[in-house]
1. With the crude spin-label approximation of a point 7 Å out along Cα→Cβ, what separation in nm comes out for residue 8 versus residue 111?
2. Would you kindly derive the ³J(HN,Hα) couplings of region 20-31 from the backbone phi angles with the Karplus curve 6.51 cos²θ - 1.76 cosθ + 1.60 (θ = phi - 60°), listing them in order in whole Hz, with x for Gly and Pro?
3. Counting each pair of different Cα atoms once, what's the Kirkwood radius of region 74-119 in Å, rounded to one decimal?
4. Check which residues have an amide H placed less than 5 Å from residue 57's amide H, if you skip close sequence neighbours.
Amino acid sequence: MPDTPAPARRGRLFLLTAALLLLGALGLWGTTRLDWASIQVEVAGHGATGAVPVAATGAQIAPALLGLAALAVAAVAAAIAVSGIVRRVLGGIVVLVGAYGVYAALAGWLRPPGPSELPVLVGSAAAGATTAPGATVTTTAAPLLGVLGGLLVVAGGVVLLVADRRLPRMGARYDAPGAPRRPADPERAAWDELDSGVDPTTEGAFAREPGPDGGPRPGPREGTE
């Protein structure tokens, strides 16, 4: 019985890997759209006076997460195009990308911007505002979505790193020299010979016995016995 898994199992494993990377990228991107921290600031004019809340999103606190999400999506396409040592190297890179995503999300959650830094991150929405007396930074659980996304990307990278031999490859032209070839279809071989100008009724695949690999056995050259 062959050691390699069936093509269906290879396909399912690759779909699982792609799902981990894409869901991880979605988590990293999604957390940047949510509010991570907020604070009360004092404003005057522009239709508002007194203390109002301003909030900073994940994109403002940890902008690197957007780039990491894009890299995770690109890794799916790259994993289809490469195999062997190159795909394992790709897996290692993906693991680092996911790990940094976890770190960036945790750092933004556990060490949020201070009261003087947060209005600066928000930008024009809090331009000219000052921190309200006694105001403190309030955080949300949104960064945990980035942590989850980073962990999913790490899991996808681990699969690429350790299970490359069980993942599908682009095609036989990328196989190592000396790899066994699939049996040729005699009828297909006949059409190929017609295309090359050989008459299959005299020298082609229909007139030959099957060779060792299942394809047509080469016949004698013209002018020889």
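None of the figures in this text is laboratory data; all of them are computed from the coordinates on show. Everything quoted here is computed from the prediction, not taken from an experiment. Positions of Cβ are generated from backbone atoms using ideal geometry, with glycine treated the same way; all protein chains shown enter the neighbour counts.
1. 5.2 nm
2. For region 20-31, the Karplus-derived couplings read 4, 5, 5, 5, x, 4, 5, x, 5, 6, x, 5 Hz, x marking Gly and Pro.
3. Values: mean 1/r = 0.0782 Å⁻¹.
Answer for region 74-119: a Kirkwood hydrodynamic radius of 12.8 Å.
4. 36
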